[in-house]
Amino acid sequence: MKLLLISANREPFPDPVFPLGLAYVAEAVRRQGHEIRVLDLAFSKSPVQDIARVVAEESPEVIAFSFRNLDNAAYPLTRFYLPDYQTLVQTAKDAAALSRKIKTPSGRPWLIAGGSAFSLMPRMMLDALGVDYGVEGEGEDAFPALLWALEEGLSPLDIPGVFGAEQIPLPLAFSEQSFKGGISRSQKKYSFDGSTWSRMIPARDLFQIRRYGRVGGMANIQTKRGCVFHCRYCTYPVLEGSTHRLRDPESVADEIQEIVERDHIRSFFFVDSVFNIPTSHAEGIADALIRRKLRIRWSAYASPSGLTLPILQKMAAAGCDGLEVGSDSADKSTLVALGKGFSRDQILDVSEHCRKAGIALCHSLIFGGPGETPETVKNTCRTIDETKPMAVVVMAGVRLYPRTPMGDWALETGHVKEAKDFLAPVFYIDPSVKTFLLPYLEQFAAKRGNWILPGVVAPLRPITQKLIRFVGYKKPLWHLLRYGVFKDRVYRDR
Ligand code: B12
Ligand code: SF4
């Protein structure tokens, strides 16, 4: 089939992010033999015109959108991307309606959506976007299966993860031979074991990977899927599952080596929910990278759990020079209320270990959850400040999502009236800190210069950000906060 794959993400902060998910999906459908054109809107000056032009040029049978962010999850400077996405989908429909060359039974292309923004609330997103089908979760198995079903004139609605405008799934009885996708099934049903992606290298060649290296500073890599923790507000287990699916460390090292040699990018971000768990896997990746001697630098998300000095030293030897640690709080009762699986003491230990290992530390904090009080806020600020981190990224207010423990609680207690209210960003701030939180955090941050509140003050002017990348700076931008360079800019006039 003739496919147009569109990456709709245009968010430039904190950097333009390479559309890794769509690159995986593109590789999966390329293996099926489909003809692919990719349109990445990240750098487009006029996305609407670009979609109209490419649809007219290609007359695709399928137009598939990847929606990464639904909103920026930041309060009160919230950005909600859904209205833009709706415009893009409508543009694709309008452009396709003008084409006489589309070879589908209806003469119009199938419109399909996927990506994390879609997967967070698939049914609501399907309706809001007005697409024909959507894939909730990973696309490597479900998307090729969906295309196959469409080609065969069958309903795709019993493919796991596929949502569609048709309400009643048709009973399908696929024979083992008739499906060419190589997907294992039992009892005449599709079943995916979730390992297909781990044997794939994303189709970066179809995208402008070097441009992302230049303007975004780095390439991104995934070494595992899933998170085993149960933090009450978090969507990552919803998106990736609650058990680990691990890649072979040698294949991760192969992928990195290929990018270094082919695209001359030496700066990487591991997009795993938590890089350092399981510890043995993180060590395996570090060992593989040490053996390759690739002269790379990298950073990742980490949890204080199990982050010992020897592991950090090994990660540093493998090129790790920065970690974004999801501490969330440093107050004992708040850590429990958020469902974090570690203690305040572990946060203090990790801060010390990172210093010894020479790894820059950025704490990410979330304030305002249930049970937060002015005292717990002050306690966290004081403790985190004492650990002398290089940077602190602070979210004030918890974005609520369906299918998370905190989202369920918000529905039960009436903080969110009905499920559809999750779509437009909704935040929880405990009533006891409602008026206290923002002014306090702003004041606290203003005195420091290495604390940033993306939801309160835009940390960087776009032009400054471009300049920093233009001169070749390759680390995540929070590394620059050590110099307090944004202090004046960020809090001036406030
Ligand atoms: C790593 C990460 C980051 C890193 C990225 C670093 C880098 N260089 O890549 C950093 C820290 C920079 C970051 C920043 C932000 N992030 Co972020 N990030 C993630 C994270 C953990 C992983 C993303 C990833 O790469 N996954 C790996 C790929 C392979 O998976 P995927 O993209 O989901 O793709 C799969 C499926 O979705 C599907 N799929 C994807 N496209 C398509 C298309 C079709 C047609 C089909 C069928 C299927 C399909 O198949 C793919 C393969 O299986 C996710 C959470 C998560 N666990 O998913 C949040 C997440 C995507 N981020 C989120 C947000 C909000 C942001 C920020 C806006 C935060 C902020 N205020 O700064 C920024 C935006 C940055 C930008 N420019 O877009 C949210 C989006 C949800 C929402 N509320 O909208 C998420 C989901 C986390 C959350 N809160 O739930 N992020
Ligand atoms: S906050 Fe981090 S550790 Fe907790 S569930 Fe989410 S990804 Fe896992």
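The values are calculated or read from the model by the stated rules, or taken from the named source; none is laboratory data. Just so it is clear, the model here is predicted, and its values are computed rather than measured. When we count neighbours, we look across all protein chains shown, and the Cβ atoms used for this are built from the backbone with ideal geometry, even at glycine.
Tabulated results
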| item | result |
| --- | --- |
| When residues of the stretch 205-224 are limited to those that are among the basic types (Lys, Arg) and surrounded by fewer than 22 Cβ atoms within 10 Å (Cβ to Cβ), the one farthest from Val398 (Cα to Cα) | Arg210 |
| Selection from the stretch 65-105 of residues that are exposed (fewer than 14 other Cβ atoms within 10 Å of the Cβ) and either within 16 Å of ligand 2 (Cβ to nearest atom) or under 15 Å from Tyr133 (Cα atoms) (or both) | Gln86 |
| So Val25, is it at pLDDT 95 or above, within 15 Å of Phe143 (Cβ to Cβ), of a type in the set (A, V, I, L, M, F, W, C) and near ligand 1 (Cβ under 9 Å from one of its atoms) | yes |
| Residue satisfying all of: in the stretch 41-61; closer than 12 Å to Ala8 by Cα and buried (at least 17 other Cβ atoms within 10 Å of the Cβ); nearest to ligand 1 (Cβ to nearest atom) among these | Ala42 |
| Selection count, the stretch 371-388, where residues are surrounded by fewer than 16 Cβ atoms within 10 Å (Cβ to Cβ), touching a helix residue (DSSP H, G or I) at 6+ places or on another chain (Cβ under 7 Å) and assigned to a loop (DSSP other than H, G, I, E, B) | 2 |
| Filter result for Ala318 (under 20 Å from Pro237 (Cα atoms), more than 16 Å from ligand 1 (Cβ to nearest atom) and buried (at least 18 other Cβ atoms within 10 Å of the Cβ)) | no |
| Candidates Gly358, Gly341, filtered to the one that is out of contact with any Leu (no Cβ under 6 Å at 6 or more places or on another chain) and modelled with pLDDT under 95 | Gly341 |
| Thr308 vs. criteria under 30 Å from Pro19 (Cα atoms) and surrounded by fewer than 17 Cβ atoms within 10 Å (Cβ to Cβ) | no |
| Cβ pairs under 9 Å, 6+ apart, first in the stretch 401-418 and in a loop (DSSP other than H, G, I, E, B), second surrounded by fewer than 17 Cβ atoms within 10 Å (Cβ to Cβ) and among the small types (Gly, Ala, Ser) | Pro402/Ala419 |
| Given (1) surrounded by fewer than 20 Cβ atoms within 10 Å (Cβ to Cβ); (2) within 16 Å of ligand 2 (Cβ to nearest atom); (3) at positive phi, number of the condition Gly368 does not satisfy | (1) |
| Identity of the residue in the stretch 438-456, modelled with pLDDT of 95 or more and within 27 Å of the chain's Cα centre (by Cα), that ends up nearest to Val398 (Cα to Cα) | Leu438 |
| Selection within the stretch 42-65 - of a type in the set (Asp, Glu) and part of a helix (DSSP H, G or I) | Asp50, Glu57, Glu58 |
| Residues that are over 14 Å from Val238 (Cβ atoms) and in contact with a Leu (Cβ under 7 Å, 6 or more places away or on another chain), drawn from the stretch 113-123 | Ala113 |
| Pair list, Cβ under 9 Å, 6 or more apart: the stretch 202-230 residue within 13 Å of ligand 2 (Cβ to nearest atom), other residue polar (S, T, N, Q) and not in a loop (DSSP other than H, G, I, E, B) | Lys224/Ser198; Arg225/Ser198 |
